[in-house]
Amino acid sequence: MRREPRNNRVQQQKEAEHKINTAITAKEIRLVTEGEEPKVISTEAALRMADEQELDLVEISPNATPPVCKIMDYSKFLYNQKRKQKELKAKQSKIVLKEIRFGPNTDDHDFNFKLAHARKFLEEGSKVKAYVMFKGRAIVFKDRGEILLLRFAQELADLGAVESMPKLEGKRMIIMINPKKK
C-alpha cells in the first residue's frame with residue numbers, strides 16, 4: 001500500500017473545510033457582500049465578480065438552499081480563523097490538580113508544612129487532592145486518616161471549598177478541595 005506525502009493530506013483537509021472557486025458545484029448561490037443585501041445569482045457570475053476583484057469565492061454555508069457564498073481573500077480568512085481559535089484556546093483556564101500525600105500518623109510539623117503548600121496551590125487557582133496512604137496494617141487507623149483530612153479541609157476553609165468529603169478508595173482516603181472564586 002502506497003502512502004501519500006504528508007503535506008498533500010494537509011492540503012486536502014484545508015480544501016475539505018470550505019469549497020472555493022470552481023469547487024463550488026451549485027448552479028445558483030446566495031452571495032453575501034458587505035453593505036449589500038444577500039442576492040441569489042449564478043455561480044458563473046459570482047466567479048467572474050471574484051476574478052475582477054482578484055479574490056476567491058468561498059462557500060460559507062453549504063447546507064443552505066441555495067448555498068451561501070462570500071467573495072474574500074481565502075488565505076486571509078483561514079489565517080483569521082486560526083488566530084481566533086488560538087485566542088479561544090489561550091482564554092480557556094486549565095485546571096491543575098495538585099496532590100498532597102499524608103500518612104495516618106503525620107506529625108504536626110509535617111502537617112503544617114504540607115498545609116502551607118496547599119495554601120500556595122489554592123492561591124494559584126489549582127485544585128488540591130489530599131490523601132492519606134494506608135500501608136499494611138495501618139488501614140485499621142482509617143478514623144485517624146479521616147480526622148486528619150477533615151482538619152486539613154477546615155484549615156483551608158478560607159481559601160477553598162471541599163468538593164468531596166473524605167472517602168476510602170482502596171488503600172487511600174481522599175479529599176478534594178477547589179479554590180474559592182475571587
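The values are calculated or read from the model by the stated rules, or taken from the named source; none is laboratory data. Keep in mind that what you see is a predicted model, and the values were worked out from it rather than measured. Counting neighbours? That spans all protein chains shown, and the Cβs are built from the backbone with ideal geometry, glycine included.
With the checklist (1) part of a strand (DSSP E or B); (2) at pLDDT below 90; (3) touching a Lys or Arg at 6+ places or on another chain (Cβ under 7 Å); (4) surrounded by 16 or more Cβ atoms within 10 Å (Cβ to Cβ) in hand, flag the one item I100 doesn't pass.
(2)
Kindly indicate whether any position in segment 59-66 is buried (at least 16 other Cβ atoms within 10 Å of the Cβ), touching a strand residue (DSSP E or B) at 6+ places or on another chain (Cβ under 7 Å) and over 30 Å from T43 (Cβ atoms).
So far as segment 59-66 goes, no, none of its residues is buried (at least 16 other Cβ atoms within 10 Å of the Cβ), touching a strand residue (DSSP E or B) at 6+ places or on another chain (Cβ under 7 Å) and over 30 Å from T43 (Cβ atoms).
Which of the numbered conditions does A90 fail, given that it passes all the others? Conditions: (1) surrounded by 11 or more Cβ atoms within 10 Å (Cβ to Cβ); (2) over 30 Å from L168 (Cβ atoms); (3) of a type outside the set (D, E, K, R).
(1) is the only condition that A90 fails.
Which one of these is farther than 30 Å from V140 by Cα and aromatic (F, W, Y): F102, F121?
F121
Condition check: under 30 Å from I60 (Cβ atoms), surrounded by 10 or more Cβ atoms within 10 Å (Cβ to Cβ) and hydrophobic (A, V, I, L, M, F, W, C). Does L122 satisfy that? Explain how you work it out, then say what you get.
On the way: under 30 Å from I60 (Cβ atoms): no; surrounded by 10 or more Cβ atoms within 10 Å (Cβ to Cβ): yes; hydrophobic (A, V, I, L, M, F, W, C): yes.
The answer is no for L122.
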